[in-house]
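See structure below.
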């Protein structure tokens, strides 16, 4: 897995001050994507053990609320496989931090076997998230007044409550 950027003090992509990891690779290729260079799966630098330790160190600061995953597309299957061990480590070492992920795939696409986005680690990875912002960016539905998303079709999903709810029920995140 590769990543294009790491931001240490991001306030735009989740609650509070966050560390943001922009992974590389995306097959969604949304019209007017704000980072089309990240569509390339080899854009940026390799995600290594040193990268993980750098992120853990950044996340350890008291003023950091959590980690946000962006892209590219964190939920591309090869990125899921690369992120899973790291997210397990974050949960183990920093259980008080929240984990948000942005995906152009909907939760339904991610959970449905046989879709491009679903793989053998998807369910476990989803269980490690606090909030999933799902759905492709749609230029025609762009709305700059929306909090933490770019177009009105995108949802902020409370993953803990959704996974505890009855099958098929999606619980939206509320601040």
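Sorting the segments 149-156, 57-64 by their residues' average number of neighbouring beta-carbon atoms within 10 angstrom, most packed first, yields 149-156, 57-64.
Put simply, when 34-41, 11-18, 141-148, 103-110 are sorted by average Cβ atoms within 10 angstrom per residue, most first, you get 103-110, 11-18, 34-41, 141-148. In percent, what relative contact order does the stretch 14-127 have, based on Cα pairs under 8 Å that are 6 or more apart in sequence? It comes to 30 percent, rounded to a whole number. What's the FRET efficiency of residue 54 with residue 172 using the Cβ-Cβ distance as r and R₀ = 30 Å, to the nearest 0.05? In this case the efficiency is close to 0.35.
Starting from the Cα of residue 121, move 7 Å in the Cα-to-Cβ direction to define the label point; list residues of the stretch 44-80 whose amide nitrogen is under 14 Å from there. Within reach of a label on residue 121, which here means backbone N under 14 Å from a point 7 Å along Cα→Cβ, the stretch 44-80 contributes 47-49, 52, 74-80. Temperature 37 °C, viscosity 0.692 mPa s: under these conditions the Stokes-Einstein estimate for the stretch 53-149, based on its Kirkwood radius over C-alpha pairs, is 230 µm² per second. For the residues 80, 92, 45, a GNM of the chain with alpha-carbon springs under 10 Å puts the largest fluctuation on 92.
Shape of the stretch 21-94 from its Cα gyration tensor (a ≥ b ≥ c, root eigenvalues): rounded if a/c is under 1.5, otherwise prolate when a/b > b/c, or oblate? The shape class here is prolate. Annotation: the stretch 100-143 has a Kirkwood hydrodynamic radius of 11.2 angstrom, from the mean reciprocal C-alpha pair distance. Label separation (residue 138 vs residue 93): 4.0 nm, computed from points 7 Å beyond Cα along the C-beta direction. What does DSSP give for the stretch 71-175 in terms of the percent of beta bridges that are antiparallel, rounded to the nearest 5? Taking every DSSP beta bridge within the stretch 71-175, about 60 percent pair in antiparallel fashion. Translational diffusion of the chain was estimated from the Stokes-Einstein equation, with Rh taken as the Kirkwood radius over Cα pairs; at 20 °C and 1.002 mPa s the coefficient is 133 µm²/s.
Laboratory data are not the source of any read-out in this text; all were calculated from the coordinates shown. The shown structure was predicted, so the numbers you read here are calculated from the model rather than taken from an experiment. Because the Cβ atoms are built from the backbone with ideal geometry, glycine has one as well, and the counts that use them run over all protein chains shown.
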